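One structure below.
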Amino acid sequence: MTLAEQLDAGTGTTRPPRRRARRKSTALSLPDRIVLLLMVGIPAVVHIALVWVPTIGSIVLSFSEWDGIGGLSDIKWIGTKNYVDVFTAYPRFWPAVAHNLIWLVFLIVIPTAFGLLMAVLLDRKMRFSSIYQSILYLPVVLSLALVGFIWQLMYEPDKGLVNNLIGQVGHINWLGDSSINLYAVLVAAAWRHTGYVMLLFLAGLKALDPALKEAASLDGANSWQTFWRVTFPVLKPINIIVLVVTVIEALRAYDIVFIINRGRNGLELLSILITDNIIGESSRIGYGSAIAVVLLVISLGFIITYLVQVFRKEERS
Amino acid sequence: MSADTLASRLVTAPAPSITRPGNRLNATRVALHTFLVLTCLVWLAPLLWAVFASFRTYQDTATNGYFSWPRELTFTNFTTAWTQADLPHYFLNTLVITLPAVAITLFFSSMVAFVVSRFSFKFNLTLLMVFTAGNLLPQQVIAVPLYRIYLLTPLPSWLSDSGYLLDSQFGLVLIHVAFQTGFCTFVLTNYMKTIPKELSEAARVDGAGVLRQYWQVILPLCRPALAALATLEFTWIYNDFLWAIVLIQTGDKMPITSALNNLSGQYFTDNNLVAAGSLLAALPTLVVFFALQRQFVSGLTLGSAKG
C-alpha cells in the first residue's frame, strides 16, 4: 500500500496523458495477447476453482442435508433448517461465537497495545535495539501449532514453569480448567502475535518524517502529546493493516486449540466446529457449511472494509 | 493533510540540534533497558523452558521435578525423537510440499502481477480484488466443499497413490498455491508498479515480446521482493497445520507440523521428548529466520500491503 501511495505521489500528475498516448500506439500482437491471457488465466482459474468455488459451495451446501455418502443426487435441500438448528439446538455454537469474540477483542487490545508500546520504545537510536527487536518477533516464525506444544510445557500443572514460578504446583490446571483455559491460550497466541504487530508499527514509524516530531516539540508538545496528536494519526494506514491482520488471525485461529484439546471444554471456536462436522465421525456437511457461512459473513465485513480502503485510490485514478 | 504542511513548514526551519544519546538522562536510559531486558527474558522464557526440558533426562525430571537444577544434560531426547518418531521422513514430506508450493506460488503471482501492473485491462482491478479477498478468507470457510472436491477429483497414480486429490501431497501443494497466490500477487503488483513504464516500453521498441519483457526485464528487477516473499511463504507453508489435518488421511504423508500432533500421543511419552520434537520441527524456520532475517522482516512489512 505504501508502495502504491509513493507511486501515485510520484507519477500521479504525469500519468493520464502518457497512458493515453501509449494506448494509441499499443497494438498487441495476437501471440502476445494469448500469452497475456494464459499468464493471468491459469493462476486465476486455480485460485477461483479452489478458493471461490468452494466459498460459493459452502453457501449452497448450507441449505442442504447430506452425509457425504453417495453422489450429489443424494443431497436433500432443506432450506434454512441448518441455520435454525445451529442457532437454537447446537450446544457448542454460542460458546464458540462467544470465544471467537473474546479472542477478537483480546487480540485487538493486548498485542496491539503492547506491540505499539514496544515499537515506540524501540524506534529510537539506542544500543541493542535490533537485538530486542529480534527477540520480540522471534515467535512469529513458529506455527501456532508449535506455539501450542511449547506453551503446553509452560502450563503443565505439576511440571510447568508457570505454576512453579507462582508457587501453585499442582493447584492450577491452566489448560484443563474451562473457566480459565481460553485466557491461558490467548496469552500464548498473543505471545506470537505481538511481534508481528510491533514489526508493522516499527515499519510505519520508520517511514515517518522525523521532522514531524521535531516540529511538534518546537511547538511545545510533550512526548505524550506528540505521540497522540501527531504520530498516531499519521500512522492511520498502519493501524488499519494491524486491525485487519489481527481480525483475520483471530477468525482463523484453529491450530493451537486443536493441539491442546481439540477445541473442547472451554476452547470451542467456530473454525473447530466446521472441521468437526466434516472430518469427525458424523459427517454433517450441511451443518458444517452453515457454520462456515456464519464465519464467512463475519469475515466479509472486515474484508470488504479493507478492500474499499485499499482500492479506493486506484479506482479514482 | 495537516501533517504534510507541518513537515513542509519545518523543512525551511533550521535543523534543531539533535541530542546525542549520552546527553540524555542516564536514569531513564537504565530504566528503559531494564524494562526491555526483562520483557525479552519473559519473551524467551517459553522457548528456553522447552530447550531446558529437551536436554534433561526423563529420570532426572521424574525424581527431581522440572523446576530443579539438572543432574546431567544430554542430546538423547533429540536422537530418540529423531529416530523413534521417524522425523527425517516427515521433514522430507514437508520439503516435497513446501518447495514446489513456494516456487509455483511465486511463479503464478509474478505472472499475474506483471500483466496487471504493466497493461491496462478493464478486469485488472476486479482480478486484484478477487485475489486479495480470497487470501483474507478464513480457510475454514472453504474447507467443507474443498474436502468434497478433493474427494471427487481423480488423479493419476504417479501423482497420488490414493488415486484422488484427497490424501495426496499434490493436493496440499495445490491449495497452498491457490491460497497464497492472492497475497503474493497483491504485494508483487504494488512492487512492479514502482518500476518505470519506460523500461518495458524500451524493451518493446527493441522487439521484445510479452514473455521476454516479463522474464528478462521485469522479473530480474523484482528479485528483492521475490526473495522476501519466498522467505515468508516458506515459513507460512512450512507451518501449515490445518490443510494437512483436513486433506491428508494417511499419517505417513503428513508434513512435520501436523505429524507432530499424531506422534505426540503415539511415541512421545514424556514432556522432554515432546520438547525435543517440537524444537526439531521448529528448527528449519528458526534457521531461515536467523539466516535471512532481513528478507523475512521486509517480507512481513511488504505484508503491510496485505494487511
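The values are calculated or read from the model by the stated rules, or taken from the named source; none is laboratory data. From a predicted model like this one, the values you see are computed outputs, not experimental measurements. Using ideal geometry, Cβ is built from the backbone for each residue, glycine included, and neighbour counts are taken over all protein chains shown. Quick note on the areas: whole protein, heavy atoms, side chains included, nothing else; ligands and nucleic acids left out. Shrake-Rupley method; radii C 1.70, N 1.55, O 1.52, S 1.80 Å.
Which ones in the stretch B:106-154 are touching a Leu at 6+ places or on another chain (Cβ under 9 Å), open to solvent by 30 Å² or more (accessible area, probe 1.4 Å) and of a type in the set (A, V, I, L, M, F, W, C)? Matches in the stretch B:106-154: B:121, B:129, B:149, B:151, B:152. Return a yes/no flag: does the stretch A:136-149 have any residue that is free of Cβ contacts under 8 Å to residues at least 24 places away in the same chain and open to solvent by 30 Å² or more (accessible area, probe 1.4 Å). Checked against the condition, which is being free of Cβ contacts under 8 Å to residues at least 24 places away in the same chain and open to solvent by 30 Å² or more (accessible area, probe 1.4 Å), the stretch A:136-149 yields no hits at all. If the condition is being out of contact with any Asp or Glu (no Cβ under 6 Å at 6 or more places or on another chain) and farther than 18 Å from residue A:52 by Cβ, then the stretch A:286-297 contributes A:287, A:288, A:290, A:291, A:294.
Can you tell which of B:280, B:226, B:219 is in a helix (DSSP H, G or I), aliphatic (A, V, I, L, M), farther than 30 Å from residue A:237 by Cα and open to solvent by 10 Å² or more (accessible area, probe 1.4 Å)? Break it down into steps so the answer makes sense when it comes.
Values: B:226 fails: farther than 30 Å from residue A:237 by Cα; B:219 fails: farther than 30 Å from residue A:237 by Cα.
The match here is B:280.
With the condition being within 13 Å of chain B (Cβ to nearest Cβ) and in contact with a Leu (Cβ under 8 Å, 6 or more places away or on another chain), I'd like the helices (runs of 4 or more DSSP H) fully within the stretch A:37-140 carrying at least 1 qualifying residues. Lay out the reasoning, then the answer.
Working: elements: A:53-61, A:81-89, A:93-122, A:129-137.
Of the helices (runs of 4 or more DSSP H) lying wholly inside the stretch A:37-140, those with at least 1 residues that are within 13 Å of chain B (Cβ to nearest Cβ) and in contact with a Leu (Cβ under 8 Å, 6 or more places away or on another chain) span A:53-61, A:93-122, A:129-137.
Would you say residue A:55 is open to solvent by 30 Å² or more (accessible area, probe 1.4 Å) and polar (S, T, N, Q)? So residue A:55 fails the test. Here residue B:223 meets each of (1) in contact (Cβ under 8 Å) with a residue 24 or more places away in the chain; (2) more than 10 Å from chain A (Cβ to nearest Cβ) with one exception, condition (1).
If you take the residues of the stretch B:285-294 that are surrounded by fewer than 19 Cβ atoms within 10 Å (Cβ to Cβ) and either closer than 17 Å to residue B:92 by Cβ or polar (S, T, N, Q) (or both), which of them is nearest to the other protein chains (Cβ to nearest Cβ)? Among them, the one singled out is B:293. Taken over the stretch B:100-135, the criterion of being within 17 Å of the chain's Cα centre (by Cα) and without any contact (Cβ under 8 Å) to a residue 12 or more places away in the chain is satisfied by B:103, B:107.
Of all the residues in the stretch A:170-195, those that are within 14 Å of chain B (Cβ to nearest Cβ) and modelled with pLDDT of 90 or more number 11. Among the criteria (1) farther than 22 Å from residue A:132 by Cβ; (2) within 23 Å of the chain's Cα centre (by Cα), the one residue A:198 does not fulfil is (1).
Yes/no matrix, rows are residues, columns are (1) crowded, with 20+ Cβ neighbours inside 10 Å; (2) out of contact with any Leu (no Cβ under 6 Å at 6 or more places or on another chain); (3) farther than 24 Å from residue A:90 by Cβ:
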position: A:232; (1), (2), (3): no, yes, yes
position: A:264; (1), (2), (3): no, yes, no
position: A:287; (1), (2), (3): yes, yes, no
position: A:309; (1), (2), (3): no, yes, yes
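Kindly evaluate residue A:248 against the criterion of being at pLDDT 85 or above, outside any loop (DSSP other than H, G, I, E, B) and either in contact with a strand residue (DSSP E or B) (Cβ under 7 Å, 6 or more places away or on another chain) or not charged (D, E, K, R) (or both). Against the criterion (at pLDDT 85 or above, outside any loop (DSSP other than H, G, I, E, B) and either in contact with a strand residue (DSSP E or B) (Cβ under 7 Å, 6 or more places away or on another chain) or not charged (D, E, K, R) (or both)), residue A:248 qualifies.
Pairs meeting the criteria (first residue in the stretch B:200-216 and of a type in the set (Val, Ile, Thr), second residue open to solvent by less than 100 Å² (accessible area, probe 1.4 Å) and modelled with pLDDT under 85, beta carbons under 8 Å, at least 6 apart or on different chains) are B:210/A:28. Restricting attention to the stretch B:254-284, the residues being facing chain A (nearest Cβ under 10 Å), under 30 Å from residue A:202 (Cα atoms) and of a type in the set (A, V, I, L, M, F, W, C) number 3. In the set (1) under 26 Å from residue A:148 (Cβ atoms); (2) surrounded by 14 or more Cβ atoms within 10 Å (Cβ to Cβ), residue B:41 fails one condition alone, (2).
Out of all the residues in the stretch A:57-74, is one or more among the polar types (S, T, N, Q) and free of Cβ contacts under 8 Å to residues at least 24 places away in the same chain? Within the stretch A:57-74, one or more residues are among the polar types (S, T, N, Q) and free of Cβ contacts under 8 Å to residues at least 24 places away in the same chain.
Condition check: within 20 Å of residue B:134 (Cβ to Cβ), part of a helix (DSSP H, G or I), within 10 Å of chain B (Cβ to nearest Cβ) and of a type in the set (A, V, I, L, M, F, W, C). Does residue A:272 satisfy that?
Details: within 20 Å of residue B:134 (Cβ to Cβ): no; part of a helix (DSSP H, G or I): yes; within 10 Å of chain B (Cβ to nearest Cβ): yes; of a type in the set (A, V, I, L, M, F, W, C): yes.
Considered against the rule, which asks whether it is within 20 Å of residue B:134 (Cβ to Cβ), part of a helix (DSSP H, G or I), within 10 Å of chain B (Cβ to nearest Cβ) and of a type in the set (A, V, I, L, M, F, W, C), residue A:272 comes out as no.
In the stretch A:187-204 there is no residue that is part of a loop (DSSP other than H, G, I, E, B) and basic (Lys, Arg).
Filtering the stretch B:243-269 to residues that are within 19 Å of residue B:98 (Cα to Cα), among the hydrophobic types (A, V, I, L, M, F, W, C), open to solvent by less than 10 Å² (accessible area, probe 1.4 Å) and part of a helix (DSSP H, G or I) leaves B:243, B:244, B:246, B:247, B:256, B:259, B:260.
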